[in-house]
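Before any comments, here is the structure.
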Amino acid sequence: MLDFYFIEESQSKPNSPKNLDFAGGLDFNVFKRLQNKSIIPSSYDYYSDFRWDLNTINQMIEKIKDDNDQDKKILFEIIVKAHLQYLCLIAYCD
């Protein structure tokens, strides 16, 4: 599972997410389908930690906000929570 956590824009990447609030997660198949649908860029690797800043989150929201696709809805639930709190997301694969 690829787990997303909320993180401040200015906060450095912690060694562990244990002190961060959990935002949600994507399984491998959903992640790959979102890449195939050009929602998640292919430069992101499921098994590598990465971070989405507010600009990236806002761009994704604009792409998927009115879409009824189930995979996009799963991602939307995660990114909209970050957007509403003006927080970034950091992903860790467990």
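Taken together, the values in this text are just the output of simple stated rules run on the coordinates, not laboratory data. If you're wondering where the values come from, they're calculated on a predicted model, not measured in any experiment. Don't worry about glycine lacking a Cβ; one is built from the backbone with ideal geometry, like all the others, and counts go over all protein chains shown.
With an 8 Å cut-off on Cα pairs and a minimum separation of 6 or more residues, tell me the relative contact order of the chain in percent. Provide the component values of the computation, followed by the final result.
Details: 129 pairs, mean separation 42.3, N = 94.
Over the chain, the number comes to 45 percent.
Given the alternatives [x] 2.57; [y] 1.10; [z] 0.99, Cα Rg over 2.2 N^0.38 Å as computed for this entry is given by [z].
The length gained on full extension between Glu8 and Gln85, counted as 0.36 nm times the residue separation minus their Cα-Cα distance, comes to 26.8 nm. Applying both filters, DSSP loop and at most 16 other Cβ atoms within 10 Å, to the GluC sites (Glu not before Pro) of the chain gives Glu8, Glu9. Among all stretches of the chain without exposed trypsin sites (Lys or Arg not before Pro) (DSSP loop, at most 16 other Cβ atoms within 10 Å), which one is longest? Excluding the exposed sites themselves, the longest stretch runs over 1-36. Positive end of the dipole of the range 2-93 (Cβ unit charges, origin at the Cα centre): among His83, Pro14, Ser43, the Cα lying farthest that way belongs to Ser43. Taking 17 Å as the straight-line reach from the Cα of Lys65, the aspartates and glutamates in range (excluding those fewer than 8 positions away in the same chain) are Glu77.
Mind listing which chymotrypsin sites (Phe, Trp or Tyr not before Pro) in the chain are in a DSSP loop and have 12 or fewer other Cβ atoms within 10 Å?
Of the chymotrypsin sites (Phe, Trp or Tyr not before Pro), the ones in loops of the chain whose Cβ has at most 12 other Cβ atoms within 10 Å are Tyr47, Tyr86.
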